[in-house]
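Inspection log for the structure reproduced underneath, given as structure tokens.
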Amino acid sequence: MELILGLEPMSQFDAAVLPMYACFGPARDLTPYRARPARVDMIEVNTEHSWGAELSAQLDLSREDAAEDLLFNEIIWRGVKGTDSSMPPPVRAGFVLAEWEEEGD
């Protein structure tokens with residue numbers, strides 16, 4: 001998006017990704033979109049007896065990034081994937097854009 005608007009990347013992750021040029025074709029596809037019906041219950045909600053309900057109530061959600069991220073992710077993971085599903089370990093990464101000068105510069 002930054003490339004389209006002519007802006008600098010907003011984060012290291014934006015700076016490291018490949019542009020989305022391959023997502024766009026030379027011709028428009030005007031075929032109408034057909035929505036698929038939901039395959040899950042759209043009314044079902046977590047209850048106070050759901051896995052992680054007590055832990056969720058203790059999280060500080062009053063501002064961004066205040067909740068402990070690994071615990072929050074596990075609560076969400078088990079809520080979506082099932083209480084017996086093990087959450088995969090997190091992958092933490094950083095990007096370094098190295099700059100160097102050629103000899104003689």
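Read the figures in this text as sums done on the coordinates, not as results from a lab. Note that the coordinates shown come from a computational prediction; the quantities given were computed from them, not determined experimentally. Positions of Cβ are backbone-derived with ideal geometry, glycine not excepted, and every protein chain shown enters the neighbour counts.
GluC sites (Glu not before Pro) within segment 31-67: which are DSSP loop residues with at most 14 other Cβ atoms inside 10 Å? Kindly include the intermediate steps, with their values, before the conclusion.
Numbers: sites: E44, E48, E54, E64; in loops: E44, E48, E64.
Filter output for segment 31-67: E44, E48, E64.
What is the sum of charges around I76, taking Lys and Arg as +1, Asp and Glu as -1, for the other residues whose C-beta is under 13 Å from the C-beta of I76?
Values: positive: R78, K81; negative: E68, D69, E74.
Overall, the nearby charge balance is -1.
Treat every Asp and Glu Cβ in the chain as -1 and every Lys and Arg Cβ as +1, leave all other atoms uncharged, and give the resulting dipole magnitude about the Cα centre to the nearest 20 debye. Please list the in-between numbers first.
Values: 8 positive and 20 negative charges, 213 e Å.
The calculated dipole for the chain is roughly 1020 debye.
Around W51, what is the net charge, scoring Lys/Arg as +1 and Asp/Glu as -1 over all other residues with Cβ under 15 Å from its Cβ? All intermediate terms of the calculation are to be shown ahead of the outcome.
Numbers: positive: R78, K81; negative: E44, E48, E54, E74, D84.
Net of charged neighbours comes to -3.
To the nearest Å, what is the center-to-center distance of segment 19-63 and segment 64-86, using C-alpha atoms only?
15 Å
Have a look at F72, G82, H49 and report the one farthest towards the positive end of the charge dipole of segment 46-86, computed about the Cα centre with Cβ charges (Lys/Arg +1, Asp/Glu -1).
It is G82.
To the nearest 20 debye, what charge dipole does segment 46-86 have about its Cα centre, counting +1 at the Cβ of each Lys and Arg and -1 at the Cβ of each Asp and Glu? Spell out each step's value before the answer.
Working: 3 positive and 9 negative charges, 38 e Å.
In total the dipole reaches around 180 debye.
Can you give the helix-only mean residue ellipticity at 222 nm for the chain, where every DSSP H stretch with n ≥ 4 adds -39500 (n - 2.57) and the sum goes over all residues, rounded to the nearest 500 deg cm²/dmol? The partial results should precede the final answer.
Values: 4 runs with 28 residues, N = 105.
Only helices count here, giving -6500 deg cm²/dmol.
Mind checking the angle between helix 69-81 and the chain's longest principal axis? C-alpha axes, 0 to 90 degrees, to the nearest 10.
70 degrees
For segment 3-105, state which trypsin sites (Lys or Arg not before Pro) are in a DSSP loop and have at most 15 other beta carbons lying within 10 Å of their beta carbon.
Details: sites: R28, R34, R39, R63, R78, K81, R92; in loops: R28, R34, R39, R63, R92.
Hits after loop and neighbour filter: R28, R34, R39, R63, R92.
What are the residues whose amide H is under 5 Å from the amide H of E68, where those residues sit 5 or more places off or on another chain and H is modelled from the backbone?
Answer set, sorted by chain and number: D60.
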